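S.K.: The structure under discussion is supplied below as structure tokens; questions concerning it will follow.
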Amino acid sequence: MTAFSEDVSQVSSLIKSYDGTWDGISAESVARMRAQNRFQTGLDIARYCAKIMREDMAAYDKDPANYTQSLGCWHGFIGQQKMISIKKHFGSTKGRYLYLSGWMVAALRSEFGPLPDQSMHEKTSVPALVEELYTFLRQADARELGMMFREIDAAKEAGDEAKAKAIQEQVDNYETHVVPIIADIDAGFGNAEATYLLAKKMIEAGACALQIENQVSDEKQCGHQDGKVTVPHEDFIAKVRACRYAFLELGVEDGIIVTRTDSLGAGLTKQIAISHEPGDIGDQYNSFLDCEEVSAEDCTSSDVLIKRDGKLLRPKRLPSNLYQFKPGTGADRCVMDCIYSLQNGADLLWIETEKPDVDQIGSMVDRIREVMPNAKLVYNNSPSFNWTLKFRQQVYDMWAEEGKDVSSYDRDRLMSVDYDDSELSVKADELIQAFQREGAAKAGIFHHLITLPTYHTAALSTDNLAKRYFGDEAMLGYVKNVQREEIRQSIACVKHQNMAGSDMGDDHKEYFAGDAALKAGGKDNTMNQFNNV
């Protein structure tokens, strides 16, 4: 990024070259506007963020303590507020991303209304949300830099050049709110060509990381629902390659592909894989099919048969025309999925599980790393898990195995509030708190995310506000529990006019019209009530 002083000098020369006709333009104001609009296109963002993710992946390989995190979001404002909060509390966005959940797009952004996570929503709504998120993140940069420029002007007006210089140095070393987004492309919304076209849209909007799953596109289910149907590896790898071609075509040469396997909970396949010789990728996929040995006389005209080791086998086919895998093969299929994905262009893995269990995840990763030593996971810390119950049960089982007396606990009722302050509950909460750290160290988890956090926080906070405001507290229900807390906790959007860009608009009006500018931020603006609080 060009140094601010160099930018001012370059623009000054440009203005002078127009023989006085541009003298109404301030070079410093132009430089400020450029600083507030660092990223010109979504591809600029994708390239910038891909580099960040690659550096973070390398840092994790050196030390698993360098794992990364993100929270899912369904609106640009929510993503923006997350990054503003992260900068406020931690001083840096390093290692902290955003996740774009297809589930939340389906449930909250579809023109059809709320939908389940089955790829029925408009595919264009996903890249549209990527673009929206980055629009809000860029606006957060512009707003914060604008406030810093105002501080510089105030310092200069007060004759405090040292303070003005110090703030200018902060501007020159400014850390952007723009961070990587891991974007959910579901199962590609169609064939490999459809996947490629959608991937391009998402990358052009700014996505540096695409997460794609190995389910059948037209039978796609949420990873935590029943009825999941996987595809043979060759079909899935074609879509992985389609994503890579999209990245390379657009010049994002270090774009990230996250391949997700749903095989742990998927007992069905729509297709029998093509196999050219024993032991190849198709034969391995088919080896997990639940088959029965038959003779030619036992078959009907519609039967599909497999020949293996000189025997005729009939895969079990359901009335839905889907084929069934052998029970208990999910983990083995996950391991195979992950190895083939990494061998065919994937950068990160995602294993969808039915519970948060470091040992379960780690056992699969250990097997994957025997073949691909640098295997790393993105892991869904899903709200679909009952974290409290599952970890209390884990502690109960652990203590019982160790011979500790658990007779005062009812394993089936461990979710009860009666246990909230118990020794078992405290231990379970400690394990929940350590889950991400342990997962990074023992299970190869590079990136921890929560898919649907703001879906739940929006519902919870709205319920609390409605209960108080429409109840006995009335206006106090808002003032005490929302506005007063915003003030006490220094939540930036308590000054909502400023957050929406009013002050930036005033700056621009002054650039354009000088003293004739009609600005909104005068003494009668009620937002002044929140100054210095």
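The values are calculated or read from the model by the stated rules, or taken from the named source; none is laboratory data. For clarity, every value in this text was computed on a predicted model and none was experimentally measured. Neighbour counts are summed over all protein chains in view; Cβ atoms, including those assigned to glycine, are modelled from backbone coordinates with ideal geometry.
S.K.: So, Val304, is that one modelled with pLDDT of 95 or more, in a loop (DSSP other than H, G, I, E, B), more than 19 Å from Leu342 (Cβ to Cβ) and not basic (Lys, Arg) or not?
M.R.: Criteria not met by Val304.
S.K.: Something else now. Is it fair to say Tyr18 is modelled with pLDDT of 95 or more, outside any helix (DSSP H, G or I) and touching a Cys at 6+ places or on another chain (Cβ under 9 Å)?
M.R.: Here the answer is no, as Tyr18 does not meet what is asked.
S.K.: From the list Asp332, Asp347, Asp337, Asp283, exactly one residue is without any contact (Cβ under 8 Å) to a residue 60 or more places away in the chain, surrounded by 14 or more Cβ atoms within 10 Å (Cβ to Cβ), under 35 Å from the mean Cα position of the chain (by Cα) and closer than 30 Å to Tyr60 by Cβ. Which is it?
M.R.: Going through Asp332, Asp347, Asp337, Asp283 in turn, the sole match is Asp332.
S.K.: Same structure, new question: In segment 434-443, is there at least one residue being buried (at least 18 other Cβ atoms within 10 Å of the Cβ), of a type outside the set (Phe, Trp, Tyr), in contact with a strand residue (DSSP E or B) (Cβ under 9 Å, 6 or more places away or on another chain) and assigned to a loop (DSSP other than H, G, I, E, B)?
M.R.: Yes, the conditions are met somewhere in segment 434-443.
S.K.: Which condition does Asp472 not pass, out of (1) of a type in the set (Asp, Glu); (2) at pLDDT 95 or above; (3) surrounded by 12 or more Cβ atoms within 10 Å (Cβ to Cβ), if it passes all the others?
M.R.: In the conditions (1) of a type in the set (Asp, Glu); (2) at pLDDT 95 or above; (3) surrounded by 12 or more Cβ atoms within 10 Å (Cβ to Cβ), Asp472 misses (3) alone.
S.K.: So in segment 125-169, with the set limited to residues that are within 29 Å of the chain's Cα centre (by Cα) and among the polar types (S, T, N, Q), which one is nearest to Arg47 (Cα to Cα)?
M.R.: Here the residue is Thr135.
S.K.: Moving on. Given the conditions (1) at pLDDT 95 or above; (2) touching a helix residue (DSSP H, G or I) at 6+ places or on another chain (Cβ under 9 Å); (3) within 19 Å of Pro453 (Cα to Cα); (4) not in a strand (DSSP E or B), report the number of the one that Ile86 does not fulfil.
M.R.: With respect to (1) at pLDDT 95 or above; (2) touching a helix residue (DSSP H, G or I) at 6+ places or on another chain (Cβ under 9 Å); (3) within 19 Å of Pro453 (Cα to Cα); (4) not in a strand (DSSP E or B), Ile86 is out only on (2).
S.K.: Let me ask something additional. All but one of (1) touching a Cys at 6+ places or on another chain (Cβ under 8 Å); (2) assigned by TED's automatic domain parsing to the domain that holds Pro232; (3) free of Cβ contacts under 8 Å to residues at least 40 places away in the same chain hold for Leu305, so report the exception by its number.
M.R.: Among (1) touching a Cys at 6+ places or on another chain (Cβ under 8 Å); (2) assigned by TED's automatic domain parsing to the domain that holds Pro232; (3) free of Cβ contacts under 8 Å to residues at least 40 places away in the same chain, the lone unmet condition for Leu305 is (2).
S.K.: Find the residue count for segment 1-28, including only residues that are exposed (fewer than 12 other Cβ atoms within 10 Å of the Cβ), farther than 25 Å from Glu175 by Cβ and either small (Gly, Ala, Ser) or touching a strand residue (DSSP E or B) at 6+ places or on another chain (Cβ under 6 Å) (or both).
M.R.: 4
S.K.: What are the residues in segment 110-159 that are of a type in the set (D, E, K, R) and part of a loop (DSSP other than H, G, I, E, B), if any?
M.R.: Glu111, Asp117, Glu122, Lys123 - these are the residues of segment 110-159 that are of a type in the set (D, E, K, R) and part of a loop (DSSP other than H, G, I, E, B).
S.K.: Look through segment 89-99, keep the residues that are touching a helix residue (DSSP H, G or I) at 6+ places or on another chain (Cβ under 6 Å) and part of a strand (DSSP E or B), and return whichever of them is nearest to Pro180 (Cα to Cα).
M.R.: Leu98
S.K.: Just checking, which of Leu349, Leu313 is farther than 20 Å from Arg260 by Cα, of a type in the set (A, V, I, L, M) and touching a Leu at 6+ places or on another chain (Cβ under 8 Å)?
M.R.: Leu313
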